[in-house]
Structures are given as C-alpha cells and as structure tokens.
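Here is the structure we will look at.
The values are calculated or read from the model by the stated rules, or taken from the named source; none is laboratory data. What you see is a predicted model; the values in this text were computed from it and never measured. Heads up, the Cβs are rebuilt from the backbone with ideal geometry, glycines too, and the neighbour counts pull from every protein chain shown.
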Amino acid sequence: MKRDVGGSSPSQRRYEVVYSRPRKLAGEKRIFKELSRLLGPENVSNREVDRISYSRDYWLLASTWMIKGKVPALPDFIVWPESTEQVSELVKLANKEKIPIIPFGEGSGVVGGTVPVQGGIIIDMKKMNKIVNIDATNLLVTVQPGINGMTFERALNDAGFTCGHIPQSLYCSTLGGWLASRAAGQFSTKYGKIEDIIVAIEAVLPQGEIIRSKIVPRTSTGPMIERLLLGSEGTLGVITEATLKIWPYPEKRALRSYAFDYLKPALEAVRRILARNVYPAVVRLYDELETERHFLEVEKARGKCLLVLLMEGAKELVELEEKVSHGMCLEEGGIECGEEPVQHWLKTRFDVTHSSIYLPQGFVGDTIEVAVTWDKALNLYDSMIKAMRETDGVYLASAHASHFYPQGVCFYFIFGGIPTEGVKPEELFMAVWDNAMRACLDAGGTISHHHGVGLVRAKWLKEELGEAFNVLKRIKKTLDPNNIMNPGKMGLEK
C-alpha cells in the first residue's frame, strides 16, 4: 500500500496511498513533454503538491484518510485545457497511450467520483469558465463547464436572470460537475433539476470525437446521444460547453414555515400542494431531530417537524402559491411559525463546516440522499433510520426531505458515530452505508437522488439498474474501448 511520493530522500515524508498502483507509468517524461506541447507548459503539472491536491474530492471517507496522513490516490499529471479542441487532442493522446483521464470541476463531489484510482491525467476544466452568450429573447445561456456556480449565478442576476440551480455546493462547484452527476439545487421544486434545465451540450467523447447538440426547445430526431453524458460522472466523455434555460429574476418572494406533530401530515400537505400544480421554489421538511438541531429557537416547533416554504416569481403567481400552500398546511394540522425559520435557513444554507469540526476528533459521518414514491415514503424513512441507528457505533441518524415531486420525495439522511473498539473508521463508514443502501432498496427507493455513484455507491448500481446495468456496460465498452474515461467508477469494470 505504501509508496514514496516525490522522491526517495529520507527528509521527504512518506504517505500511504490507499488506491496504489503496482508500477509506475511507462514513458512519463515523454508523455509530460507531449502534454506540454499540446496545452502549453503552463497548463501541465506533475508536481507533488498538485498530485496530492487532486487526489480526492469531498468524499468524507477520503477526508478521514487525509487527516490520518493517507493519500486516497495519486494522478500522474494535472492539466488545464483552454478549448474544446485541446480537450479533443488530449483525449486522443490518452487513448493512444492508454492513460486514464478524469474530468475535474472543483472537487466538491461527496462520493469519490474524481479519485484517480488508477492514476492518469486529471483534466481540471477551470480555465474553460466563460459565459459565451446570454440570449434574453429565447431565455437561454451558453456557458463553458469550468465556471464556478456562484460566479455563474451572479452574472445572470446582474443581467436580470436566474438559472434557478442553487445547490448547497454553489460556492465550490462547477457547471460541468452539475451535469456529470445529474445534480439538484435547493430551488429545484420550481426550476427543476439540471437535466430539466439543460438544452444542448458540446462534448468530447472517449476517442476524441466532438459532438454538439442543436439549440432548439425540443426535437424528435432519434435518441438524444448527448444526454448519455448526464450523470455519467466522466466515464463516457468530457462536457466542454452547455446551453441552459434561464428565467427572469423573480420580482417577489414569500416565506412561510409550519410545524407538524409528525412527518406523515407534513408530507401529505406537500403532496397535496404539488398535486394542485403549485410549485414553491423551496420545500424542505425536517424531522424532529433535525428541527431541534437547526431550529432550536423556534418554540412552536419544539419536538415537532418543521416545514420550510419559499415561493418566488411574478407577484400574482407568488400570491397564489402562498395562498394554496397555506391552506393545505393548515388543513393537515400545521402550525404557522412565520418567516424567521426561512430567513435562518437562507443565512445558513451554504454552511458545510460540520465535517471539518468533527472528523479530526474521530467522528465518522456522511450524508445519504435517496428518492422514493409517496406511497413508500414513510416506510423508507423509518427503515433507513432504523438500519443506521442499529449499526454499532452510530449515535446520530436523522433526515430531512429536500426535493419534492408530484410523484414522490427525496430524503437526505445524515449519520454520525464513533468506531467501537477494534473497528476502523472506514469499516464503520461502510457498515452504515451497507445497511442504509440495503434498507433503501428493500423499501423500493433509488439509491441516489443527486450526489451520484462514484466509488461509494458502485457496489449497488447493478442491483439498482437491473438488466440496464449490462446495457450501460456495453455502451461504455463501445464508446471507450480502452477504458480511459474515469476507470474504476460506477462498478462498470466488473
């Protein structure tokens, strides 16, 4: 498992590399020279500091390893292309040399999707970060994938628009990452998920071909090949440009919150709201434990479940949505709690500091988001909470519902614990995941709603997809015969 990083001098620190390769890349100097020729020497690095920096994403198990002085995996090179043509030439080179390539946004993924388990070339897309065009007439924006999420949204806001895609990782994620993982934002109940917002894609396929879909509102011209890249997590190609829907910046907002004695009536209130074709932008429902943790100051919600609603858009539409939502919540026994809980959520919604506080103290935790239809929702919630809490070493298991549909709901579970004597942190981590995924599948849910598969969910993808998993493997083999695109992910090589 151990190898020297950056040389063999006794003064240099030794790291344990978790996903370590048995032998060094052949022809390293020659390949570095060719990469420098294609991209410019300023856009290529094999420095130790860069290789370690790009060894992981925000997967909490990888963070645990790093705290203990372990490097998850080491790429051979990091490159920063500046054009689609450069990406194409880079992919052709990787195919010729049979070197893995891993597209990289800002590393905010939480499932190990960018960990270079077989080494290779990290393709950091951050230099391809321009807004190409804002089309006010057609309500479209064309943009490169390396743009930072908040930079993108602020530019649209300044021009009088919004994309409506506001993930918790907005400050530390990119458009390319959203597309690659089929991401969902906090305002998704109104604006949709990234697959609802995307209109057209430009991408480089695994053998260097460049494909571009037409910018039209809809087409009926055969299977949408470019849509295979949505959720492919870098295993089928590299997205180099995208055109998305935008909307006029909302002229009004309305904030409402309600406390419910139990989860069931709160879920029923939301189900009935959406069944009326009313879509608040933000709908979030916290169980009793999360209500206590996040909204302790809300006296009316003590010991209850709290529902947070935010409506936005044209004044007349917001007033209608507010009226319908209010009526449904009261009919299901909701108690009004005012605007303050929503304001509190708006102020704290991008806070992701908990892991940096607790992980160094030996605490093992993670988040698990799944989705399920309404008729199975309560059973899935109960089953997954029970499965996590019954895992030895777990002290905390709670959930909130963060994305809603007329057909069902996404639950976002949080667990935490301390390994019992003789148990390694990664063993506790995987035991909880195993128990939670088993409970999810048995309850009829899908094992991921918006974080993706990566490494942590790979072992369950075959059961999740059934025969479609074998079809996916055949597609992967056809498009990527040399298996250079983010190998080792999504269980596609078994």
- Query: Where in region 22-131 are there helices (runs of 4 or more DSSP H), lying fully within it, with 2 or more residues that are of a type in the set (Ser, Thr, Tyr)?
  - Reply: 60-67, 84-97
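Which residues, taken from region 461-485, are of a type in the set (A, V, I, L, M, F, W, C) and touching a residue at least 24 places away in the same chain (Cβ under 8 Å)?
461, 475, 479, 484, 485, listed by residue number.
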- Message: Which count do you get for residues in region 298-329 that are on the phi < 0 side of the Ramachandran plot and without any contact (Cβ under 8 Å) to a residue 24 or more places away in the chain?
- Response: 6
- Query: Of the conditions (1) surrounded by 21 or more Cβ atoms within 10 Å (Cβ to Cβ); (2) out of contact with any Ser or Thr (no Cβ under 7 Å at 6 or more places or on another chain), residue 204 fails just one. Which one is it?
  - Reply: (2)
- Message: Can you say whether residue 4 is of a type in the set (Asp, Glu) and modelled with pLDDT of 90 or more, as far as the supplied structure shows?
- Response: no
- Take residue 279 and decide whether it is surrounded by fewer than 24 Cβ atoms within 10 Å (Cβ to Cβ), hydroxyl-bearing (Ser, Thr, Tyr) and farther than 27 Å from residue 129 by Cα. yes
- Task: Have a look at 491, 444 and point out the one that is at pLDDT below 95 and not basic (Lys, Arg).
- Result: 491
- Query: Any residue at all in region 197-211 that is under 30 Å from residue 97 (Cα atoms), assigned to a helix (DSSP H, G or I) and small (Gly, Ala, Ser)?
  - Reply: no
- Message: Based on this model, can you work out whether residue 181 counts as among the hydroxyl-bearing types (Ser, Thr, Tyr), touching a helix residue (DSSP H, G or I) at 6+ places or on another chain (Cβ under 6 Å) and closer than 27 Å to residue 477 by Cβ?
- Response: no
- Selection over region 209-228 where residues are under 26 Å from the mean Cα position of the chain (by Cα) and surrounded by 10 or more Cβ atoms within 10 Å (Cβ to Cβ) yields a count of 10
- Query: Scanning for something part of a loop (DSSP other than H, G, I, E, B) and either free of Cβ contacts under 8 Å to residues at least 12 places away in the same chain or of a type in the set (A, V, I, L, M) (or both), does region 408-419 turn up at least one residue?
  - Reply: yes
- Item | Filter pass, residue 308 being surrounded by 16 or more Cβ atoms within 10 Å (Cβ to Cβ), among the β-branched types (Val, Ile, Thr), outside any strand (DSSP E or B) and not assigned by TED's automatic domain parsing to the domain that holds residue 214 | no
- Task: State whether one or more residues within region 95-118 are farther than 20 Å from residue 486 by Cα and surrounded by 23 or more Cβ atoms within 10 Å (Cβ to Cβ).
- Result: no
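Would you pick out the residues in region 449-494 that are among the hydroxyl-bearing types (Ser, Thr, Tyr) and more than 21 Å from residue 103 (Cα to Cα)?
Of everything in region 449-494, nothing turns out to be among the hydroxyl-bearing types (Ser, Thr, Tyr) and more than 21 Å from residue 103 (Cα to Cα).
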- Item | Residue among 76, 50 that alone is surrounded by fewer than 18 Cβ atoms within 10 Å (Cβ to Cβ) and in contact (Cβ under 8 Å) with a residue 12 or more places away in the chain | 50
- Sort out which residues of region 145-181 are part of a loop (DSSP other than H, G, I, E, B) and surrounded by fewer than 21 Cβ atoms within 10 Å (Cβ to Cβ), and write them in order of number. 159, 160, 168
- Query: In region 360-386, how many are assigned to a helix (DSSP H, G or I), in contact (Cβ under 8 Å) with a residue 24 or more places away in the chain and either in contact with a Gly (Cβ under 7 Å, 6 or more places away or on another chain) or farther than 16 Å from residue 456 by Cβ (or both)?
  - Reply: 11
- Message: Which numbered condition in (1) in a strand (DSSP E or B); (2) not assigned by TED's automatic domain parsing to the domain that holds residue 159 is the only one that residue 141 fails?
- Response: (2)
- Can you pull out the residues in region 53-65 that are within 11 Å of residue 78 (Cβ to Cβ) and buried (at least 20 other Cβ atoms within 10 Å of the Cβ)? 54, 55
- Query: Which numbered condition trips up residue 393, out of (1) in contact with a Pro (Cβ under 8 Å, 6 or more places away or on another chain); (2) at negative phi?
  - Reply: (2)
- Query: Here is a list of conditions, (1) buried (at least 23 other Cβ atoms within 10 Å of the Cβ); (2) more than 30 Å from residue 278 (Cβ to Cβ); (3) of a type outside the set (S, T, N, Q); (4) in contact with a Phe, Trp or Tyr (Cβ under 9 Å, 6 or more places away or on another chain), and residue 489 meets all of them except one; can you say which number that is?
  - Reply: (4)
- Note on the structure: Over region 229-267, the set of residues part of a helix (DSSP H, G or I) and crowded, with 19+ Cβ neighbours inside 10 Å is 229, 263, 266, 267
- Message: Against the definition (of a type outside the set (S, T, N, Q), under 26 Å from residue 262 (Cα atoms), outside any loop (DSSP other than H, G, I, E, B) and not assigned by TED's automatic domain parsing to the domain that holds residue 273), how does residue 429 come out, yes or no?
- Response: no
